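Note sheet for the following structure.
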Amino acid sequence: MSRKLASVQKIKAIKPIEGADKIEIVQVLNWDCVAKKGEYQVGDEVIYFEIDSLLPDIPMLEWLKGSSWSQKLNKYKISTHKFRGQISQGLVMPIKDLKELYNQINDNNGIAYPIDIMAPTEGTDLTEILNIEKYEPPVSNGPLGDLIHHEWYIPKTDEERIQVCAADVLPTYMNSEQGDWYSSIKLDGTSCTVGLFDDAFLIGGRNQFYKDENMYTTTVNKYFENGAKEKFENYKAINGVYVAFQGELCGPGIQGNKLGLKEKEWFIFNAFVSKTGKNGSYVKCDLLYMLKLCEEFGLKHVPLIDAEDKFKFDPEETVDNTVEKLLKYVDDIKYRKYFTDASPNQIAEGVVFRTEDMTHSFKVVSNKFLLKGGE
């Protein structure tokens, strides 16, 4: 599922900021955003831009220059900020500005205002209509080489944040047993996908596969004596299944190497299998099957959180209170507990929660981590 970077939402609640006369908190979904005091009322429909949204340099956004302008990207980057001690995540704009916003983004080039957003309703996805791009941190550690243009046979990695999906997913966890779900440490690296398909064996990043030797291919191949391709093909010949893995590539030269690794490593968080290797035929493995495949292929997986350290869901709590507790919980997790060479003060990026059958999932990203720029 692609992420709704821009959408129509409703103001869920309004909260004061202690000592602030001109600003207040407006809540959209489970995100808190700082806004001008009195500009919105509970129930108002608004345009909401999530963090990681990249917005163009247009006149009606010029007021963001001081807080969100990126000279390097030549765009406004919506990030986590703190105002008067209050975290703000996202940008809220009045729904009445939507048509003018659309026109300025499209430079008034004569393209008609889309009829499907003339009367937008709550949840309407505006990402493509407004040409909003997602910020992707630079990950290149040396040249990556030429691309392989191949269809993406398995879902791309982009877990939903709890602030977006709380009402949909949390009841499943709050009313389940501890053993029905698991949680894993979210690693700050770059996504790496590897798979055997009906017409190719491919290694790549989050969005592209590559022809030439690079940090993805070098790291993956080091786990196999004769290279990854031979291992995947032999496994298929013996077991009759095509296998694909998704994992996080971490280490020197990637996102500041917050795990303190001596060399690049690949940590698996998803595995897929198919009998035909064709597009659309791959099935995501449950936790036990994924762990079994990691063992058979000699691969590492993301750190799983022990039972005693797992978050304790309370079925008597409200969804909103549970979100608050989850955000506090992840702020206390350090990489050092799982990686001995990590800095003792390095906060983990967050935690991923999944049911063991992989049918429900979400991620909780640490606000402390975000406020420090991931450092």
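The values are calculated or read from the model by the stated rules, or taken from the named source; none is laboratory data. Here the structure is a predicted model, which is why all the values come from computation and not from measurement. We place every Cβ from the backbone using ideal geometry, glycine too, and count neighbours over all the protein chains shown. These accessible areas exclude ligands, DNA and RNA; they are computed on the full protein's heavy atoms, side chains included. Shrake-Rupley method; radii C 1.70, N 1.55, O 1.52, S 1.80 Å.
Highest GNM mean-square fluctuation among His150, His360, His81, for the chain modelled with Cα contacts below 10 Å: His150.
A 1.4 Å probe run over the protein chains yields, for the stretch 170-225, 37 Å² of accessible area per residue, whole-number rounding. Taking amide hydrogens as placed 1.01 Å from N in the peptide plane, the amide H of Leu29 sits under 5 Å from those of Lys10, Lys12, each at least 5 positions away in sequence or on another chain. Within the stretch 212-320, the GluC sites (Glu not before Pro) that combine a DSSP coil assignment with at most 11 other C-beta atoms in a 10 angstrom radius are Glu225, Glu263, Glu316. Two numbers describe the Cα atoms of the chain: Rg and Dmax, which are 22.1, 70 Å.
Counting heavy atoms of the protein chains alone, Asp198 has an accessible area of about 60 Å² for a 1.4 Å probe.
Per residue, the stretch 1-50 exposes 48 Å² of solvent-accessible protein surface, assessed with a 1.4 angstrom probe and all protein chains in place. With R₀ fixed at 56 Å, the C-beta to C-beta distance from Lys82 to Ala237 puts the FRET efficiency at about 0.50.
By the helix-only formula, in which each DSSP H run with n ≥ 4 contributes -39500 (n - 2.57) and the sum is divided by residues, the chain has a 222 nm mean residue ellipticity of -5500 deg cm²/dmol. Let me know the shape class of the stretch 19-70, please: from the alpha-carbon gyration tensor, a ≥ b ≥ c as square roots of the eigenvalues, rounded when a/c is under 1.5, otherwise prolate if a/b is greater than b/c, or oblate. Because a/c hits 1.5 or more and a/b exceeds b/c, the stretch 19-70 counts as prolate.
Computed from the C-beta positions of Lys37 and Val319 and an R0 of 25 Å, the FRET efficiency is 0.40 to the nearest 0.05. A 1.4 Å probe run over the stretch 265-370, with the rest of the protein chains in place, finds 47 Å² accessible per residue.
Quick check: the distance between the Cα centres of the stretch 329-375 and the stretch 180-244, to the nearest angstrom? Between the Cα centre of the stretch 329-375 and that of the stretch 180-244, the gap is 24 Å.
Computed over protein heavy atoms with a 1.4 Å probe, the carbon and sulfur contribution to the accessible area of the chain reaches 48%. The equivalent ellipsoid of the stretch 17-118 has semi-axes of 25, 18, 11 Å, largest first, where each one is the square root of 5 times an eigenvalue of the Cα gyration tensor. For Asp168, the accessible surface of its heavy atoms amounts to roughly 120 Å² (probe 1.4 Å, protein chains only, rounded to the nearest 10).
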